[in-house]
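Asker: Quick one: the structure is below, questions incoming.
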Amino acid sequence: MVINVKTIKYIIWLLYPVFFIALFASLLTTKTYMNISEDRYPSHQDITYDYTYVSGKLIDYLNYRHDDLYFGANAGDVEPILRHEVNVINGEEVVVSEIEHMEDVREVYTQIRLAGIISLIIVVGLSILLYKKHPKLLYETYRDIYYFPAFFILFVGGWMIIAFDITFTVFHEIFFDGNWQFRTDDTLILMLPSMFWLVSGIIILLLLSVTIGFTTFLSKKYLKRHLFGAKEA
């Protein structure tokens, strides 16, 4: 299949930010980010377990360092801190499980990371192709690469600020099954309240904005000179 050369530009515009969204989203799965977040939100005042231990176990699980979600409130506790209940409602079993939700979260993070890696490979490959065959289009692609991300940042950022609860709900309904709503005193809710996700989302969008802006700046200042010397593109 032959791809129209101008279509390559749009593919790069679409996939370039995907890699960075995946990269910045992965920052949320680091112990450093969780440690910085400690005591930043009102719900953290109600935490009675060892925040550092529990957050570290969750982060290690998301990064495939272990597969045990039945850990306790601290290193010496054998009673699972994550809730897992099976209730019978109207004759049907209804599972309410922080453990199952964390399993789903790891799967979603894995998919996001794979999408980021695949996007990077495609973007690099197409950029090399343009560099060899169509250097002017390569320059124009990165010069104007902010078009798609700007729309995404304004749209998603606007919805997050105006109606975060709706955005949060829609996101979970798309990526998770019905097992993601918990009590206000559950471990995941206390540690990761909605404000945590709002702040994290804003940080990701800000980092993406800076990255895209820096890419445009570099393309205008250095890429053009590298490709064409003193000549105009």
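Derivation of every value follows stated rules applied to the coordinates shown; laboratory data play no part. Values in this document were obtained by computation on a predicted structure and should not be read as measured data. Glycine also receives a Cβ, built like all others from the backbone with ideal geometry; neighbour counts cover every protein chain displayed.
Asker: Give me the helices (runs of 4 or more DSSP H) completely within region 1-113, filtered to those with at least 3 residues that are among the aliphatic types (A, V, I, L, M) and in contact (Cβ under 8 Å) with a residue 60 or more places away in the chain, ordered by residue number. First the steps, then the outcome.
Answerer: Working: elements: 5-26, 31-37, 51-62.
Ranges flagged: 5-26.
Asker: If you scan region 101-126, which residues turn out to be closer than 30 Å to E85 by Cα and of a type in the set (S, T, N, Q)? Steps first, answer last, please.
Answerer: Filtering region 101-126 for residues closer than 30 Å to E85 by Cα gives 101-112.
Answer for region 101-126, where residues must be closer than 30 Å to E85 by Cα and of a type in the set (S, T, N, Q): T110, Q111.
Asker: Tell me which residues, restricted to region 164-207, are touching a His at 6+ places or on another chain (Cβ under 8 Å) and in a helix (DSSP H, G or I).
Answerer: L188, L190, M191
Asker: Quick check on my filter: what residues within region 1-38 are among the hydroxyl-bearing types (S, T, Y) and either farther than 30 Å from F196 by Cα or within 14 Å of the chain's Cα centre (by Cα) (or both)?
Answerer: At the first step, the residues of region 1-38 found to be among the hydroxyl-bearing types (S, T, Y) are 7, 10, 16, 26, 29-30, 32-33, 37.
Scanning region 1-38 gives T7, Y10, S26, T29, T30, Y33.
Asker: Taking only pairs six or more apart or across chains, which ones have beta-carbon atoms under 6 Å, a first residue in region 129-155 that is within 15 Å of P17 (Cβ to Cβ), and a second residue that is of a type in the set (G, A, S) and surrounded by fewer than 18 Cβ atoms within 10 Å (Cβ to Cβ)?
Answerer: Taking only residues 6 or more apart or on different chains, the pairs are I153/S209.
Asker: Just to be sure before I move on: is G76 crowded, with 17+ Cβ neighbours inside 10 Å, small (G, A, S) and more than 25 Å from R113 (Cα to Cα) in the structure I sent?
Answerer: Details: crowded, with 17+ Cβ neighbours inside 10 Å: no; small (G, A, S): yes; more than 25 Å from R113 (Cα to Cα): yes.
Against the criterion (crowded, with 17+ Cβ neighbours inside 10 Å, small (G, A, S) and more than 25 Å from R113 (Cα to Cα)), G76 does not qualify.
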